[in-house]
Amino acid sequence: MDEEELDKAMTEIYDDFFAKVVDFESAVNKLVDLGVSEEDARSGLASMMTINFTIIDDLESGTR
Amino acid sequence: MITRPLPFEQAVKMLERRAVVPASQWNPDLWRGFEKEVNQRSFFSANVENMRFLNRAKKFILDTLDLATKEVIDSDGKTVRMLSGGDRATFVRTMREFMIQESMVSGEEEFFDVDQKEITDLRSENRLRLIYETNLRQAYGFGQWKQGQSPAILKRFPAQRFVRDRIVRVKRPRHALSEGEVRLKSDIEYWGNYQNDPKIGGFGVPWAPFGFNSGMGLQDVDREEAIALGLPVEEIKPDTKRGLNSKLGALVKTADPDLKRKLLLKLRGYEAPDAAERGRRAAQGLQVEDKGDTIQLITEDEPASGGSNFADKLVSKKGVTKRVEAIKQRTLKAIEKVHGDGPLEQIEFIQTRARRYRGQYVYSLSGEALEIKLSGISGNEITTAHEIGHWVDHQAFNTKEHRYGRKEFLELFGNVKDYRFRSSYGSYGPEFAEFRKAYVESEGYSRIEQATAPRGYKKYLLSMHEGWARAYSQWIAEQSGDEVMIAEARKRNDKELGHWSDEDFAPISKAITNIFTKRGWMRKS
């Protein structure tokens, strides 16, 4: 798997985690299966929870 | 040298022993509730006095050294400046004379008992007594005033007369002219700002003493006499706000900048090797504000000038549990120790049950701040401070007045998709340049860059506004000394990406302090 493919695969797992498709432990396992060390998988994923996405909310259109 | 505050009990005994007030007028019960304030005052005064002495001594030593040294050629043929043997005794004698002149010693005989090898012994007993006597006179004056503020006494004796308690060598002209004058006790403008005016050496408070070496005092005036004098006695109300340490400040206009900085650090307890310890000590220390020419003690009735409070601007919506409300309150308490908020408007605080994000700051497309959300499951004080960091960045430091032009912005931050929104954050404006430099040069930033994680997510984690929010939360933890927040910031640094070790964080912390200081919002700048 080249760098681009690895990035794409990791992105999908992160997206699935934040879209509630997979839970934290499953996401970590999937990342480890890709060859990411468990420490990197856990610290990376947990750090993104601190991103606390700054949501831009439009009250008039109701979009989020 | 004064090295420690006088314990309360000792201070009281000293006051009684020295008969500053007649024993019959001394009400020890009144003072039981003021132990903390007396100790704070003692600590503040002792450290200020230390700095003043060191300031005078430093200048004196530099001046004297110029006279007591001579140029000599050393064994390498270089010209060096050395204390000359013949002048050494002169130097020591002059230094001792200086100490006598400064009232650091009672007389030359006091030097006879000094351990000649102990260079830290400055023989300061007399000065110590003088400082505490002045402080205790103020404490007594405050006690008398406080007793006079009880509703029953205030009703019976609503006014007071300005009287001379003891004869002084030089009378202040303003006081000499006002002897015998009667005013309501509530006339703070007259008692605090006029008769105790700092411009004539007063202390700016409505109780005695009315300046150093002032012989003026106060005498209660009863209701009948006050009415006969035409005073509006019906309007009088007890003053419950003023405390013993009201207006307590130190003039540091002529202080050496280095000594002033050391004094601030000492007063705030910032003499510790790491951030956690510094924080703990700072939390136990005094809240003081650096106002340039003065260092002012922050008290309930004399809040810091650093912007308004914003505890009441984060309004909890229905559904916030007691536990989450306690998290919010603890965070706000920590923040308010550190800085004010500037122009923030009220927003809502909402509890969620999210597991995958800990908190959110939400705003509308038109740029209006709407709400802060905190997960009741995974959110905590650091998360709350993080979201408040976004709020402050977006609303208080909004770059309406100082921002980069579009071209310059894109050169600095790349071709970001949400240029319009990012450019409104303070963290992307010129005010935050020092912060951004410290952030991208930190090891914490490099760790994110090198981590094995998706590029898109990493890019967001590295962004200035996310970096700012994380740094802000860690800065609040460090500056407030909140142990729960310090522990959480450390845990995140150990287990996750995005936070910093104490050493790595130091330049970022300094940059954030500078940003708030320049806005005048720091409580502890």
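The values are calculated or read from the model by the stated rules, or taken from the named source; none is laboratory data. These figures come from a predicted structure and were not determined experimentally. Don't worry about glycine lacking a Cβ; one is built from the backbone with ideal geometry, like all the others, and counts go over all protein chains shown.
Evaluating B:Glu466 against the criteria (1) closer than 16 Å to B:Tyr404 by Cβ; (2) within 11 Å of chain A (Cβ to nearest Cβ) leaves one unmet condition, (1). Any residue at all in the stretch B:438-459 that's in a helix (DSSP H, G or I), more than 12 Å from chain A (Cβ to nearest Cβ) and within 29 Å of the chain's Cα centre (by Cα)? Scanning the stretch B:438-459, I find at least one residue that is in a helix (DSSP H, G or I), more than 12 Å from chain A (Cβ to nearest Cβ) and within 29 Å of the chain's Cα centre (by Cα), so the answer is yes. When each of B:Lys313, B:Lys337 is tested for being out of contact with any helix residue (DSSP H, G or I) (no Cβ under 8 Å at 6 or more places or on another chain), at pLDDT 80 or above and under 24 Å from B:Gly520 (Cα atoms), the lone residue that passes is B:Lys313. Here is a check on your reading of the model: is B:Ile382 more than 9 Å from chain A (Cβ to nearest Cβ) and either within 24 Å of B:Gln474 (Cβ to Cβ) or free of Cβ contacts under 8 Å to residues at least 40 places away in the same chain (or both)? So B:Ile382 does not fit the description; no. Contact map, the stretch A:32-43: residues that are more than 9 Å from chain B (Cβ to nearest Cβ) paired with residues that are charged (D, E, K, R), Cβ distance under 8 Å, separation 6+ or inter-chain. Pairs shown: A:Val32/A:Glu38.
Checking each residue in the stretch B:365-379 for being at pLDDT below 85 and either closer than 18 Å to B:Ala396 by Cβ or part of a strand (DSSP E or B) (or both) picks out B:Ser366, B:Gly367, B:Glu368. Annotation for the stretch B:175-182: at least one member residue is touching a residue at least 40 places away in the same chain (Cβ under 8 Å), touching a Gly at 6+ places or on another chain (Cβ under 9 Å) and more than 20 Å from B:Lys155 (Cα to Cα). Residue count for the stretch B:483-523 under the criterion of being surrounded by fewer than 20 Cβ atoms within 10 Å (Cβ to Cβ), of a type in the set (Lys, Arg) and not in a helix (DSSP H, G or I): the result is 0.
Within the stretch B:407-425, the set of residues being within 23 Å of B:Gly456 (Cα to Cα) and either under 36 Å from the mean Cα position of the chain (by Cα) or more than 14 Å from every other protein chain (Cβ to nearest Cβ) (or both) comprises B:Phe409, B:Leu410, B:Glu411, B:Leu412, B:Phe413, B:Gly414, B:Asn415, B:Phe421, B:Arg422, B:Ser423, B:Ser424, B:Tyr425. Restricting the stretch B:335-359 to residues that are in a loop (DSSP other than H, G, I, E, B) and within 14 Å of chain A (Cβ to nearest Cβ) leaves a set whose member that is nearest to the chain's Cα centre (by Cα) is B:Arg358.
A count restricted to the stretch B:487-498 and to residues that are out of contact with any Phe, Trp or Tyr (no Cβ under 8 Å at 6 or more places or on another chain) and within 14 Å of B:Ser446 (Cβ to Cβ) stands at 2. For the stretch B:388-401, the set of residues classified as part of a loop (DSSP other than H, G, I, E, B) and either within 11 Å of another protein chain (Cβ to nearest Cβ) or of a type in the set (Ser, Thr, Tyr) (or both) consists of B:Thr399 only.
For B:Tyr472, the criteria (1) closer than 15 Å to B:Arg436 by Cα; (2) within 14 Å of chain A (Cβ to nearest Cβ); (3) surrounded by fewer than 16 Cβ atoms within 10 Å (Cβ to Cβ) hold in every case but one, which is (3). Remark: B:Ala385 matches the filter, which requires a residue to be among the aliphatic types (A, V, I, L, M), within 23 Å of B:Asp504 (Cα to Cα), touching a Phe, Trp or Tyr at 6+ places or on another chain (Cβ under 9 Å) and not in a loop (DSSP other than H, G, I, E, B). The condition (being crowded, with 19+ Cβ neighbours inside 10 Å, modelled with pLDDT under 85, under 30 Å from B:Phe421 (Cα atoms) and of a type outside the set (Ser, Thr, Tyr)) is satisfied by just one residue among A:Ile51, A:Ile13, A:Ile55: A:Ile51.
Each row is one residue, and each column tells you yes or no for (1) surrounded by 13 or more Cβ atoms within 10 Å (Cβ to Cβ); (2) touching a Leu at 6+ places or on another chain (Cβ under 6 Å).
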{"site": "B:Lys155", "(1), (2)": "no, no"}
{"site": "B:Arg161", "(1), (2)": "yes, no"}
{"site": "B:Ala176", "(1), (2)": "no, no"}
{"site": "B:Asn196", "(1), (2)": "yes, no"}
{"site": "B:Trp207", "(1), (2)": "yes, no"}
{"site": "B:Leu218", "(1), (2)": "yes, no"}
{"site": "B:Leu231", "(1), (2)": "yes, yes"}
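Scanning the stretch B:360-374 for residues that are over 21 Å from B:Arg470 (Cα atoms) and among the polar types (S, T, N, Q), which turns out nearest to the other protein chains (Cβ to nearest Cβ)? The residue in question is B:Ser364.
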